[in-house]
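Contents: one structure, followed by commentary.
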Amino acid sequence: MKKRYRILHHLYLTQPVGRRALAQQLQTTERILRAEVDFLKDQGLLIVETVGMHLTERGVNLLQQLADVIREVEGLAEKERRLADRLGLQEVRIVKGDADADPLVKKALGHAAAEWLKKTLRPGDILAVTGGTTIATVADQIPRTPLGVEVLPARGGVGENMEFQANTIASRIAAQLGGTYRLLHAPDVLSDDALQSLIEDPQVQDTLQRLRSARIVLHGIGQAIPMAKRRRLPESRIEQIEAHGAIAEAFGYYFDAHGNIVHAMNTVGLRLSDLKHIERISAVAGGSSKADAISAVAFGSPLQVLITDEAAADAILQK
């Protein structure tokens, strides 16, 4: 059962995919995979076409039904309970693998977050999302579900590729959910005067008010120094952040290992104080390299739900 579940899961994340490519991902031979594919095809769980294999609706449904069973069998459910207790969270979801070593694990994180959103969102909800490569995978994985929600960027733009900016991700998720979206046109780094000028703009004020009315927030977690460099902060500021022991970043706040805020950026969007009034706050982050950052943000913010991978979970639990 575990082997066939793994095939279905990898196929879901990479479809359409050829047999040779799938065999390489699963580190097995084409001959062994062919027998399993023939069985799954006979059960009506997948279709083989010239462009590659993909799951049928029945295959997707079975994959979802088996997920909790497999997590119990592989010990992930118990690990989730331990990690939630360690970090003081309401809920933890762990996917197999290490996002640092395998790009497919990041896709699995996106799929897990998309499933969490699907079960958590209600028609008419306001959802706030941050930018970043991990949250972008959620937009890739979320299925078309007509919920009529409003999706908002949680912050102004980041100096990075357009596809990873919160505005872009918000618009993509809204399209998948049959909803609406608003954009937050604001640079990520602002002077005091520029920040004051922006938040006095009526359109920005309206978007910020809608943001504070969000029921759900989905955000990423960054490592402090790489994030500071990505945001092109002055070298003197980066040295200051590092000297104060910052190891994590979320919402423009930099946290030390104990969850203390050691630096806050001038930015337009949700503030930590706003999060206290939001019903469901979930973070998506994985890879063993992010273990310390995840712990810091869990200790220093009102985080409730964590979606991570087994490598990060193990690194946190071993400390």
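Just so it is clear, none of the values below were taken in a lab; they were calculated from the coordinates. Owing to the predicted nature of the structure, the values given are computational and were not obtained by experimental measurement. Here the Cβ is made from the backbone with ideal geometry for all residues, glycine too, and neighbour counts use every protein chain on show.
Quick look at the values:
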item	result
Spacing of the two label points (7 Å from each Cα toward its C-beta) at Asp206 and Arg122, in nm	2.6 nm
The stretch 75-317: C-alpha gyration tensor shape, a/c 1.5 cut-off, then a/b vs b/c	oblate
Principal-axis tilt of helix 103-120 within the chain, Cα atoms, nearest 10 degrees	80 degrees
Cα extents of the stretch 88-155 along the three principal axes, largest first (Å)	38, 25, 24
Peptide ranges 168-175, 291-298 listed from the most packed, as the mean C-beta count within 10 angstrom indicates	291-298, 168-175
Highest-fluctuation residue, Leu26, Leu177, Leu63 considered, GNM on the chain with Cα pairs under 10 Å	Leu26
Centre separation in Å (Cα based) which lies between the stretch 93-170 and the stretch 185-242	19 Å
Rounded to 10°, Cα long-axis angle of helix 202-212 versus longest principal axis of the chain	60 degrees
Listed pairs Lys119/Lys229; Lys79/Lys106; Lys3/Lys107 exceeding 28 Å between Cα atoms	Lys119/Lys229
0 to 90° range, to nearest 10: angle between helix 30-42 axis and the chain longest Cα axis	90 degrees
The chain - mean residue ellipticity at 222 nm from DSSP helices (-39,500 (n - 2.57) per run, n ≥ 4, rounded to 500)	-15000 deg cm²/dmol
Inter-label distance for Asn61 and Leu26, nm, one decimal - labels placed 7 Å from Cα along Cα-to-Cβ	2.3 nm
Lys3 versus Asp38: modelled label distance in nm, points set 7 Å from Cα along the beta carbon direction	1.4 nm
